[in-house]
Each structure stands twice: as structure tokens, then as C-alpha cells.
Amino acid sequence: MSISSASPGHPPQRMHDHSPDLLAMVDNVIDYSRRRLIFDDVPLDKPQPERELRRLASGSITEDGIGARRALAMFENVLAPACLTVDHPEFLAFIPSAPSKASIAFDLVVSASSVYAGSWLEGSGAVFAENEVLRALADEYGMPPEAGGAFVQGGTIGNLSALVAARDARRRAFAAEGRERPARWVVICSEESHSSVRSAAEVMDVDVAVAEVDDDGRLHGEAVRPLLAEHGDAVFAVVATAGLTNLGIVDDVASIAALKGEFDFWLHVDGAYGLAAALLPELRPLFAGIEAADSLIVDPHKWLFAPFDACALLYRDPLGARLAHTQKAGYLDTLEGDDWNPSDFAVQLSRRARGLPLWYSLATHGLGAYRDAIRECVRVAHEIGEVVRSRPELELVVEPELSVVAFRRLGWGRAEYDEWSQRLLDEQLGFVTTSSHRGEPITRFAVVNPRTSVEGVTRILDTMR
Ligand SMILES: Cc1ncc(COP(=O)(O)O)c(C=O)c1O
């Protein structure tokens, strides 16, 4: 086979070499990012039908390219406005994200620095800084000095990775004791656990035993005990949720952790959303028991003011987790040893240094600024709860605990909620979606943005009269 070189007018290095055109392109991209980052009043925006996007933005992929200016203009004028602004103060659906300016700015630096952060060999500086953040979080959560882990893509991969490590630990324990493995492994979680826990069980082909939550909406040890007794050694993990996605309340982790005296299981705490609030001393008692976790997750892209995508995954015994996750191959032999390779702790190999935007923002502002911003979200959510309580047409589903306000509009069915939600978005008043609780349609505000105000949300509530 003979490979010919590119034609003289089209040098193959034209995308990589310095040139006036490429410099201008970098300037334009940085200028756009700068404007977007410091502009205070970014609109909420809304999705566009595909046919509209096809009309305005198709044909961008051609043999010779459309040029940097046209591509950036297409993004700025057509594609970006067709994406919701997640950190808009009135984006209150799902679990939003409100990255600090420092974390967004530093995300640009991470991209510009061409760091591979899967291994210590290639990214020791980045991995060291990420580990400083993981250490600080582990201290906040009362985990032991040897605790550690890695930043992964999100709560879904965090939960999956933790459960894979849990099952592996149980398999190894069975092997060490010469015992026969059960026909099926079982993970216990609550009916209110995040969908990603069931998804992880599906991927792992393990069974899920669902424990009922109490009248207060949380999982208690009393509901877990009978399932531990029923499934015995087949149970490799129990998942407690520190901050339910739908209602924003915290499972009774202490009562679940207390069962460790009676039964042998791995306790995984899914704090993807809520564990940020454990940084507040006044709310820390709600999280009692998390210090007994064998693994836990918290997503900085949810309520620790970092950009997508980042989940901090921590293990009590990271070296055990490493046995479950380290990939082995001739070309990876070089990485074997005691170095801290983030790829050894999760379902991942190549990775960007996704913990660095949080590191930079934390290093810049200090933990105190984080506590203040989280506290403001809790304050605003609780005040909104008061406004809901004061209106006869509205009813709280539960008392707000962290920063989710879940409530119903009396007399409304799913259709009314959906129509109202669409109207809010059409009028750019806010992004709030319909949810459901025990089969009944409800709606909810999730406040993770310290710029969300009681006044702004009250304007939304006014539209429900
Ligand atoms: C409690 C909880 N766990 C896990 C997840 C999944 O996180 P991600 O969307 O980052 O995968 C979420 C997402 O909202 C969550 O609220």
C-alpha cells in the first residue's frame, strides 16, 4: 500500500501549526467565552424543533470546512440559544447546576493544558490537586485518612463504580473463605433511590431488593433489616440516599449504618445531590452515619458549583476498590505499582482532569465561600416553602429539608402541570417540570444556585393561581 502526501496547498499540519488564521480563531473563541462568562443576564433559552435547527444549522460538516468564524457564529446565534442555560436562576427543574465563575474559567484552562488525568505517570500534578479536593471532602464526611477515590463523569458512573467495587469485595471475601457464591447477588435500595442505582444493577446483572420508605419519605434501618435477613449473604451492598432527587430529603443513614453490627454489607451513600449540604455544620446531623460508608458519591456539577461533568467518588478502602477496577494489558503494564491512577478506581480509563475546575474554585475562594453559597440555597428553598404554605391553592408534599421544594397545585392533573410548565418556558419565566410522587403528579423547585431569589420563584408561583 502506498500512502501519498497531502496536496501542497493543504498541508496536513494546518489544524495544528501556528498561523494568523488559527490565532484569530483562538482569539474569537476566547472572546466569546469571556463575553458568555461575564454577561450577567444570559437568557434561559429553550429547545428548538429539529426541523428549525435543520433549516438554520445544517450543512456544517463539509470536506473543506465552513471556517472558524462561520462555525462560531452558528454556535452563538443558533445552537447555543437552543440549549437551556442551566445556571439561570430560574432553571429549577431536575437538579440544575450553577458553576462558580472561577470553575468555569478554569475549565478553559483544563482544556488548553492537554492533560491526560487517567494516570499519575501522565497527570501527576492534576491528580495531586484532585486528590487534595477528595481529601477535603473525605474529612468533611468523617471518612478515615486512607479514604480516597477519583472524579468520574457523574453520579450514574459513580454509583455503578462503587457497586462494582462492593460486589468484587464480597466475591473476594467468599473466595478467601472458600465459600460458594450465591446464585444471584442482591443490592438493597429504597423505592426512592435514584434511577441510576437500578440501572447499575441492570448493567451488573444483579437483583434489586426494594425497601419501602417510611411515612416521612426516608429509608430507615427497620425497613432494611428484614431484607438483609431474607437475602443473607447474597446482599453485597445497601444503598442509602443522602438527598433524594425528587423530594430533597435525607435517608436515615445512621440507622442503616447501625445494622453493620448485625449484618455484613457494604454501605454505599448516594449523595450526588445532597452531600454538598453536609458541609453546613447546622445540617450535618441530618447526615449522621455517612462516616460509616464504605463508599459515597457527591456531584460537584450539582451543588458544589462546578461545571459538568464531575462526580467525586470516595472509598473507605481505595486499595480494595483498585482490585475491582484496574484494567490489565501489556500496554498498561507501565502503570502498575503504587501510583495513584484515577483510572484504577472506577469504570473509566481515559479521563479529563474533571476535578480541576472545582479544585481551582475551592483554592481560590476557600470552603467558607462554599458553605455560604450552599446555605443561601437552603435559606431560599425554605422561604419558598413558606410562600407555598401560605397559598391556599398549593400544598407541600414534604417539609423542605435541603433545597428542594416539592409541592402540588390542588385540583391540577398531569395535563395542567405540563401545560403550565410549557407556558413558563415559552414566556421565559422559568424551567420547572412535572414530577410525580406515589403516582400523583406534583412539581418541584430544586435550588442549587445562590442567585435564585425568593422573589423570582414567587413570580413563578403567581402563575399557578
Ligand atoms: C441522588 C442522585 N444520584 C445519582 C444521580 C445521577 O447523577 P448523574 O446525572 O450525574 O449521572 C442523580 C442525578 O440527579 C441524583 O440526584
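Throughout, read-outs are computed from the coordinates displayed, never taken from laboratory work. Keep in mind it's a predicted model, so treat the numbers as computed, not measured. Backbone-built Cβ (ideal geometry, glycine too); neighbour counts: all protein chains shown.
In this label model, H18 and S350 are separated by 2.8 nm, measuring between points 7 Å along each Cα→Cβ vector. The distance between label points at A369 and R135 comes to 2.1 nm (points 7 Å beyond Cα on the Cα→Cβ vector). Placing unit charges on the Cβ atoms only, positive for Lys and Arg and negative for Asp and Glu, gives the chain a dipole magnitude near 820 debye about its Cα centre.
Given +1 at the Cβ of Lys and Arg, -1 at the Cβ of Asp and Glu and no other charges, the dipole of region 106-365 around its Cα centre is 560 debye to the nearest 20. Shown in residue order for region 372-378 are the 3J(HN,Hα) couplings computed by the Karplus curve 6.51 cos²θ - 1.76 cosθ + 1.60 at θ = phi - 60°: 4, 5, 5, 4, 4, 4, 5 Hz (x for Gly and Pro). In summary, the aspartates and glutamates within cross-link reach of K260, defined as a Cα separation below 12 angstrom excluding same-chain residues under 8 places away, comprise D294. 3J(HN,Hα) along region 217-222: x, 10, 7, 10, x, 4 Hz, from the Karplus curve 6.51 cos²θ - 1.76 cosθ + 1.60 with θ = phi - 60°, whole Hz, x for Gly and Pro.
Farthest toward the positive end of the dipole of the chain, out of A150, L396, A24, is the Cα of A24, where the dipole comes from beta carbon charges about the Cα centre. Of all aspartates and glutamates in the structure, those lying under 18 Å Cα to Cα from K328, and not within fewer than 8 positions of it along the same chain, are E122, D168, E336, D338, D339, D344. Couplings 3J(HN,Hα) of region 181-197, computed from phi: 5, x, 4, 9, 7, 10, 10, 9, 9, 9, 4, 9, 4, 5, 3, 5, 5 Hz, in residue order, whole Hz [Karplus 6.51 cos²θ - 1.76 cosθ + 1.60, θ = phi - 60°; x for Gly and Pro]. Among beta bridges from DSSP that stay inside region 106-365, the antiparallel ones total about 40%.
Normalised Debye scattering of region 1-96 at q = 0.10, 0.19, 0.23 Å⁻¹ gives log10 I(q)/I(0) of -0.43, -1.06, -1.25, counting only Cα atoms as equal scatterers and leaving out solvent. Taking other Cβ atoms within 10 Å as a rough exposure proxy, F39, F431, F151 sort from fewest to most as F39, F431, F151. Per residue, the average separation of C-alpha pairs within less than 8 Å and at least 6 apart gives region 186-274 a relative contact order of 31 percent.
Placing +1 on each Lys and Arg Cβ and -1 on each Asp and Glu Cβ, with no other charges, gives region 47-197 a dipole about its Cα centre of roughly 500 debye. Over all Cα atoms in the chain, the spread is summed up by Rg and Dmax: 24.2, 79 Å.
Looking at region 118-257, the DSSP beta bridges with both ends there are about 10 percent antiparallel. Dividing the mean sequence gap of close Cα pairs (under 8 Å, 6+ apart) by how many residues the chain holds gives a relative contact order of 20 percent. Were the residues from V78 through S60 laid out at 0.36 nm apart, the gain over their Cα-Cα distance would be 5.3 nm. Look at M15, M74, M1, M143 and count the other Cβ atoms within 10 Å of each Cβ; fewest to most, that gives M1, M15, M74, M143.
Positive end of the dipole of the chain (Cβ unit charges, origin at the Cα centre): among A57, L280, I442, the Cα lying farthest that way belongs to A57.
Computed from label points 7 Å out along Cα-Cβ, the spacing between M204 and A68 is 4.7 nm. Among D426, D168, D299, the ranking by other beta carbons within 10 Å of each residue's beta carbon, starting with the fewest, stands as D426, D168, D299. Put simply, the C-alpha atoms of region 106-365 give a gyration tensor, and the ellipsoid matching it has half-axes of 29, 23, 14 Å, longest first. Considering only alpha-carbon pairs that sit under 8 angstrom and 6 or more positions apart, the relative contact order computed for region 367-462 is 31 percent.
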